[in-house]
Amino acid sequence: MPHYQIDYFCGMISIPHKAKQFLVLLVKLLIVGGAFYFIYDQLAHNDKLDWQKFITLFRKNQSVSGIAFILLLSVLNRYFEILKWQNLAKVIHEISALQATKEVLAALTAGIFTPNGVGEYAGKALFYPKSEAKRVVFLNLICNGIQMILTVIFGIFGLLYFNAKYNVITTQAVAFLFGGFIVLIVILFSLKKIKIKGYSIEKLLHKINEISKEIHQKNIFLGICRYLVFSHQYYFLFLAFDVDLPYLTLMAAITSVYFLASSLPTFQFLDFAVKGSVAIYFFGVLGVNEWIVVFVTTLMWFLNVVLPVILGSYYVLNFKTKTVK
């Protein structure tokens, strides 16, 4: 029988095999139990969710093809994320799409109640030998980093378009934000050789450049595909709730919401609450009813976080630790 070591939870402490098995089981149950508790708590005790209005509108507009299309977008959203991870994991070794699915969904479940999904990094690392943990964390940073960059790029253009039409913030404020952003980039690159605990921006860029261009290009392409999928899923849900607004206006509001909400520190299980708060403001400017905004945001969270977490729970419960090499 293999001698598994749960170094991620108990360091180098020597623990009997049976105790390790119990510890692993306990951690699994805590992760899955905690995830389901937070999901239930947010859905059952959110006083902004008017279920009666939702049921009435759903019965009015229900369409099998429409529901199937929205669910397909959720599948595609997560599928592109799985392909991104499968592509980046090649830096360590080739993995199948099924293995990438296990790692992505289990990591999502592990990260649901950690700040900004930090637990996701540890979740993926547990599928690899401890000797590869740093590389796994680094690759996951690349995987999530490109998504954040795309969110910022699309969000800035969306915010500028939205602001040009509705003057949410002044021209001076826009200039100040752009100026501050440019100054920050200049400072970071001028200090790129300065090391903090042995790490520097220069060293980080060197490590990024060690990864082949083909992998980076595929990562960017899949990241764009994923962004277009979940942003348009948001768009089609608003259409399903009888929100009749010009395409560019609605997409500008959606990209702005994702941009601003992603810059706020939060937990995965509170993701819809944070996005909902930002969305209420933007869509309020467009005259969309608050309850519709809350429901659409909650549905996005349910379809793209809750459902994958339910699937990921299965992989967490069946998780086997890797032997340290």
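The values are calculated or read from the model by the stated rules, or taken from the named source; none is laboratory data. Note that the structure is a prediction, hence the values are computed from the model and not measured. Glycine gets a Cβ as well: all are built from the backbone with ideal geometry, and neighbour counts include every protein chain shown. Calculation scope for accessible area: heavy atoms of the full protein, side chains included, ligands and nucleic acids excluded. Shrake-Rupley method; radii C 1.70, N 1.55, O 1.52, S 1.80 Å.
When all protein chains stay in place and ligands, DNA and RNA are ignored, the 1.4 Å accessible-area order of Y121, Y227, Y247, largest first, is Y247, Y121, Y227.
Accessible surface of H206, taken over heavy atoms with a 1.4 Å probe and every protein chain present, rounds to 110 Å². Charge tally around G223: other residues with Cβ under 11 Å, Lys/Arg +1 each, Asp/Glu -1 each, net +2.
Extents of segment 63-141, taken as max minus min of Cα coordinates on every principal axis and listed largest first, are 50, 29, 16 Å.
So for each of 303-310, 234-241, 68-75 I average, over its residues, the number of other beta carbons within 10 Å; can you give me the resulting order with the highest mean first? Walk me through the intermediate numbers first.
Details: 303-310: 20.8, 234-241: 19.0, 68-75: 14.8.
Per-residue mean Cβ counts within 10 Å order the peptides as 303-310, 234-241, 68-75.
With R₀ set to 56 Å, the beta-carbon distance separating L248 from K134 gives a calculated FRET efficiency near 0.85. The 3J(HN,Hα) values that the Karplus relation (6.51, -1.76, 1.60; θ = phi - 60°) gives for segment 294-302 are, in residue order, 5, 5, 5, 5, 5, 5, 4, 5, 5 Hz. Gly and Pro appear as x. 3J(HN,Hα) along segment 105-112, derived from phi through the Karplus expression 6.51 cos²θ - 1.76 cosθ + 1.60 where θ = phi - 60°, amounts to 6, 5, 5, 4, 5, 5, x, 5 Hz, with x in place of Gly and Pro. Take T56: with every protein chain present and a 1.4 Å probe, its accessible area is about 80 Å². Take K203: with every protein chain present and a 1.4 Å probe, its accessible area is about 90 Å². Stretched out straight at 0.36 nm per residue, the stretch from H216 to L177 would grow longer than its current Cα-Cα span by 11.2 nm. Percent of C-alpha pairs per 10 Å bin in segment 221-267, short distances first: 24, 49, 25, 2.
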